[in-house]
Amino acid sequence: MSTEARTLPRVVLVDDHGLFRSGVRAEIGRQVEVVGEADDVGPAIDVIGRLVPDVVLLDVHLPGGGGQAVIAAVKRDHPEVRFLALSASDAPEDVIAVIRAGARGYVTKTISTSDLADAIQRVADGDAVFSHRLAGFVLDAFAASPSGQDVKPSFDPELDQLTSREREVLRLIAQGYTYKEIARELYISVKTVESHVSSVLRKLQLSSRHQLTRWAAERRLT
Amino acid sequence: MAGKGPAGDDSCVQQEPSQPPGPPFRVRDRHAWHGERDWQGRPDWRGRPRRWRRRGNGEPLRRDPEDRLAGGVAAGVGAWRGFSPTTVRIVFVVVALISQGWTIPVYLACWLLIPAKGAQANIWSRARHDSRGIALAVALGTVLLVLLGLASVLNAGLINTYGWQQVPSVAFLVLIWRNAPDSEQEAMRHLVEPLESLGGGQGTRRGLGIRLAVAVALLAAGFGWLLTSHESIALLRPLAGLILVTAGIVVLLGPWWLRIARDLVLERQARARAEERADISSRVHDSVLQTLALIQRHADDPQQIVQLARAQERELRSWLFEGRTLGDGDATTFVEGIRQIQRDVEARHGVPVEIVTVGDCPLDDDLNALLAAGREATVNAAKWSGARVISLYAEVEPEQVEVAVRDRGKGFDPDAVPSDRKGLAESIHGRMTRHGGSVTVQSAVGEGAKVTLTMPRSAASAEAKGGSRR
């Protein structure tokens, strides 16, 4: 990902920990342009509405309601703003909630600086970003249900299952592969990998697969 | 008592008459003189009490809540006159039997009128401002009167003999209940519980009235039925009477019982919350604070700090988000086994292991072998690859279980590894093939390594999978 060739993405940080915000700002300040910060749902909606950034780095846990509240409020007026969810807890209910609310990706707070900058750039470009944990989660949630008793089909049955290629891609993400490594491993282009991931994201957001919710409720990401 | 006004004085006089007619106890001689006078002087007791009080033990008569069965009156009288409270109590009971229950209202009146030890005023001084309490007392007394009237019309001898005296008892009880200090109320709860539903009513006044009316009607009808059924031959009538009486009691006491049950639940919840809080704080102390202390002491050793922080993070995570304690017990499911590998390798080799698991299933022999091979592969990577982090991926599928151990370390040429090198050869290859699994090693110098272990699932464990998959 050559970030140098493009204009820097404009980013708003939303996190209730001031220390974390300043840390992230210091770390990725050169790879992205941090235009604003907010520490809660209300201020975040304000700042984002005013600045209309490319990407919002959004903590899943905010005191005045979850991150999904911010997404829901902003999506109405500024559908072009993209969200990258960031969480320390990995509680699947929260993660699945922000993803389904419309976040383009999810990473853990332990992510390295370069990976974070990379992820922000990717989201700014309209691609999806899955951490290895989220990939494992999606695989698990979409796992073939042998009995099939709990599956309430969506209008579009294609939304309810992953193609074998998508599963392969997710499996490699879960093993910590980068997109570039995945492309090499599967003999496909990085662009194809990205499109697979985006399609998984779409399924994740749109599928009414009953198991998805149940899975999130029952299981905790580690 | 001197300063407490006529009410206080009355009480000690009322107290006295119940005692002298008692059987010839050891105390009788001392007691008899004023008892006798009291007994005789009853019609005009209002004028007399002051004279005897000076003969007391110096202390004014006070109820003793410390040593009480009900209101502490007997204990107070005992202390006042120098008897053992038990003696006084026996006298009370015997007199109650002889006097057809008259001691009970007298006792309650004393309770109402004698101040408790250390208290400034008696209960009556509060009760007389409690208009609702008085109204209730009168209402209850009236209710009882009506019942007794009904009973006497029906010619029930026992009720006629013992019932009427308790009309003031009920009224006194209500007043005491509503106006006693908190500490006394707590202890009284056992004695007067049923009346609380009437006196302390949480419901509206109208609801209370309706309930009372219904209950009285049911009770009256029921008692009437029961009492007249002596002459009746029909066996069903006593039954109907019993049902009516039961219904009346339920209507009367149901809300009280419900409230007790609810209080119990609330109390249990509060206790659970308190325990949880204690658990959290002890957890934070035992693990987080200890780790922070360790980190401060190892401030000059970044490797150690990362390791400590990592271990603590993992422990906290598994406690917070998986609701389980991080014990060293044997794993019973595949994912637990994978977590154990993560823990052990991180602890022993100081290299973070990122795990992602998909699905889960119970362990069997084959899967134990797979775990052992996976552990060996992870340890190898931690020891030799020099990678910053090792990724351990495990997926349980219907037909097979796969474990992939991957690092971005220096890598090696799989073909160049001598076949006698034990780690890869025996521990991994040998183990997997013995159990019908397979091993794939992908690596090149400078490109990291990936060891993929695949174990087919036995029929039994595959069958159990449906339920175990989360």
Legend entry - Checklist (1) crowded, with 17+ Cβ neighbours inside 10 Å; (2) modelled with pLDDT of 75 or more applied to B:Val288, failing item: (1)
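Closer than 28 Å to A:Thr110 by Cβ and either at pLDDT 80 or above or not β-branched (Val, Ile, Thr) (or both): does that describe B:Arg431?
No: the conditions fail for B:Arg431.
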Legend entry - Residue under evaluation A:Val52, criteria (1) modelled with pLDDT under 85; (2) surrounded by fewer than 22 Cβ atoms within 10 Å (Cβ to Cβ), criterion not met: (1)
Legend entry - Residue in the stretch A:100-136 that is nearest to the chain's Cα centre (by Cα), counting only those that are modelled with pLDDT under 85 and of a type in the set (Val, Ile, Thr): A:Thr108
Inset, instruction - Have a look at A:Glu166, A:Glu181 and point out the one that is within 12 Å of chain B (Cβ to nearest Cβ) and modelled with pLDDT of 80 or more. - result: A:Glu181
Inset, instruction - Determine whether A:Gly49 is assigned to a loop (DSSP other than H, G, I, E, B), over 30 Å from B:Arg310 (Cβ atoms) and in contact with an Asp or Glu (Cβ under 7 Å, 6 or more places away or on another chain). - result: no
Legend entry - Failed item in (1) in contact (Cβ under 8 Å) with a residue 40 or more places away in the chain; (2) within 14 Å of chain A (Cβ to nearest Cβ); (3) crowded, with 20+ Cβ neighbours inside 10 Å; (4) not in a strand (DSSP E or B), with B:Thr378 passing the rest: (1)
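Can you spot a residue in the stretch A:28-43 that is in contact with a strand residue (DSSP E or B) (Cβ under 7 Å, 6 or more places away or on another chain) and part of a loop (DSSP other than H, G, I, E, B)?
yes
The values are calculated or read from the model by the stated rules, or taken from the named source; none is laboratory data. Owing to the predicted nature of the structure, the values given are computational and were not obtained by experimental measurement. As a convention, Cβ positions derive from the backbone with ideal geometry for all residues, glycine included, and neighbour counts pool all protein chains shown.
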